[in-house]
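First up is the structure itself, then whatever we jot down about it.
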Amino acid sequence: MSELTIERWLAQPPEEVFRAFDDVYLLRRWYGAPPACHRTGGDLVLVAGESFRIELIDARGTPFAQIAQVVEQERGRRLTIEMRWEGGELPQHPTRATIALAPADGGTRLEIRHGPFANQEQLEAQRAYWAANLEKLERVAAGEAVPCFEEFRDEAKGYVGPLGVAAYTVLAGLREAGAPADVIDEVEGILESHLVRLSDETAEILGTVLRERLADRSS
């Protein structure tokens, strides 16, 4: 059995870094997804004694989950989580991760101790998991609006059918690229006013073309 230790320095003081743990909307922007995977939902709140489950999909669209419980918490300073993975390629047996925050050089020293792992392959897979999460945490702590698959997915639920999803994707892309609000409103108005004029037959055909093109790009 072996244990993983990771250290990282962040430019922000611990109280600012901790906001990314305490605010569920910030938390879902960085925590939970291994490399090339995305969160699709979860009830994640980091409170001592509370259990949580995070639903995810891998690069092939296959669902899996992280199931965990917050074992200990020293607010703003230390957090211990017991976790296991259901599906996917990460350890299925329970492991325990302790995340510690401390002031250092005008910023924060973050340390993660995680284990035990049955073999080096599991340890390295978990190291890659934390590297992906911490890269996003640094950006969130710095105030960057890190793109969030789960957030986009929730927003897109009001858009019906392939063409609706395509329209949402255009609007979200414009927003994330920094387009002015009036431009986004204008594009949305154009899409709403013209897409509804399509016949059901044309909409079905165009939706099929879109699905086929997306399938071609993913193969």
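The values are calculated or read from the model by the stated rules, or taken from the named source; none is laboratory data. Predicted, not measured: the structure shown is a model, and the values here were computed from it. Reconstructed Cβ throughout: ideal geometry from the backbone, glycine too, with neighbour counts over all protein chains shown.
Things to note:
- Of all residues in region 105-126, those being exposed (fewer than 14 other Cβ atoms within 10 Å of the Cβ), under 22 Å from the mean Cα position of the chain (by Cα) and of a type outside the set (D, E, K, R) number 0.
Yes/no matrix, rows are residues, columns are (1) out of contact with any strand residue (DSSP E or B) (no Cβ under 8 Å at 6 or more places or on another chain); (2) more than 25 Å from residue 123 (Cβ to Cβ):
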site: 7; (1), (2): no, no
site: 28; (1), (2): no, yes
site: 37; (1), (2): no, no
site: 44; (1), (2): no, no
site: 60; (1), (2): yes, no
site: 67; (1), (2): no, no
site: 87; (1), (2): no, no
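- Matching residues in region 99-119 - criterion: being under 29 Å from residue 59 (Cβ atoms) and either of a type in the set (Asp, Glu) or part of a strand (DSSP E or B) (or both): 99, 110, 112, 113, 114, 115, 116, 117
- Residues that are modelled with pLDDT of 95 or more, loosely packed, with under 13 Cβ neighbours inside 10 Å and not hydroxyl-bearing (Ser, Thr, Tyr) within region 4-59 comprise 7, 9, listed in sequence order.
- Scanning region 132-151 for residues that are within 14 Å of residue 6 (Cβ to Cβ) and either without any contact (Cβ under 8 Å) to a residue 24 or more places away in the chain or under 12 Å from the mean Cα position of the chain (by Cα) (or both) returns 132, 133, 134, 135, 137.
- Scanning region 41-88 for residues that are closer than 24 Å to residue 149 by Cβ, free of Cβ contacts under 8 Å to residues at least 40 places away in the same chain, outside any strand (DSSP E or B) and not β-branched (Val, Ile, Thr) yields 43, 44, 46, 50, 58, 59, 60, 61, 87.
- Single unsatisfied condition, residue 26 versus (1) in a helix (DSSP H, G or I); (2) under 22 Å from residue 116 (Cα atoms): (2)
- Number of the exception - residue 122 against (1) within 30 Å of residue 15 (Cα to Cα); (2) assigned to a helix (DSSP H, G or I); (3) not β-branched (Val, Ile, Thr): (1)
- Residues satisfying the stated conditions in region 85-99, i.e. buried (at least 17 other Cβ atoms within 10 Å of the Cβ) and small (Gly, Ala, Ser): 88, 97
- Checked against (1) more than 25 Å from residue 33 (Cβ to Cβ); (2) in the same structural domain as residue 24 (by TED's automatic domain parsing), residue 140 meets all criteria but (1).
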